[in-house]
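Take a look at the structure below.
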Amino acid sequence: MAIQKDWKISRRHSKCTHSGEKFADGQSFYTCIFDDPENEGFLRKDFSEAAWEDLSDTLEPFSFWKTTCKYPKEDTSPEVLGNESAETMLRRMIEEDEACTENARYILTLMLERKKALIPVGVKETESSRLLLYEHRASGDVLVVRDPQLKLDEVEAVQQEVSLLLDQNNTQQENNPSDPEAGEQDAAAADSETTGDQASDGDLAESDTEEIEVEVEAENEEITSS
């Protein structure tokens, strides 16, 4: 199932939607996600704390949270630029939005959540699916990923698929280091890398596998009980 048209990754605004005030690096503000009936998708609006205080009683977002503006710092590390990271792969898959990658997108999202690169900020229930909203800790981008409601016996196979895809892409880029398209994609990902632990680019650690399985089981229990 394709995610709502034209709303797969939403960039952070550099200024308040209401006042036009430019956000300073380190400034707190509120991000709101609204339904957009005209485009059958979502609409993102960012408000300064002052604007939020004035307007919050009149706004009806289906999800909102307080966050901090962090302008990305340039990072030209060859280790980052030379490989397709879990984050780069996830962003590419979300943009391509092919049904065959939905399970892999979900596992990549859980990997990046485990590494604290993505922060869960909301859930959108639709008639046919459950959409998970994540904010990128460094860039402020909001990513939407469908929950495929994997069974525990399906998780390991998808994790192995993700590891294989990462290994294959890294091998291809090592063999074709001058590929300009790959370089542009990796450079974009480098700009939004976090300063903490990074998601590994290859085999998943055993601890990651076990904790992802626990998260999948917990989410399935939550769906069953709701």
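The values are calculated or read from the model by the stated rules, or taken from the named source; none is laboratory data. Quick caveat: nothing in here was measured; it's all calculated off a predicted structure. When we count neighbours, we look across all protein chains shown, and the Cβ atoms used for this are built from the backbone with ideal geometry, even at glycine.
Worth a mention:
- For the stretch 50-86, a residue qualifies if it is within 19 Å of residue 137 (Cα to Cα) and at pLDDT 90 or above, and the qualifying residues are 63, 64, 65, 66, 67, 68, 69.
- Wholly enclosed strands (runs of 3 or more DSSP E) of the stretch 109-168 bearing at least 3 residues over 25 Å from residue 29 (Cα atoms): none
- For the stretch 178-199, the condition holds for no residue, the condition being that it is modelled with pLDDT of 55 or more and surrounded by 14 or more Cβ atoms within 10 Å (Cβ to Cβ).
- Evaluated against (1) farther than 19 Å from residue 130 by Cβ; (2) out of contact with any helix residue (DSSP H, G or I) (no Cβ under 9 Å at 6 or more places or on another chain); (3) at pLDDT below 95, residue 46 falls short on exactly one condition, (3).
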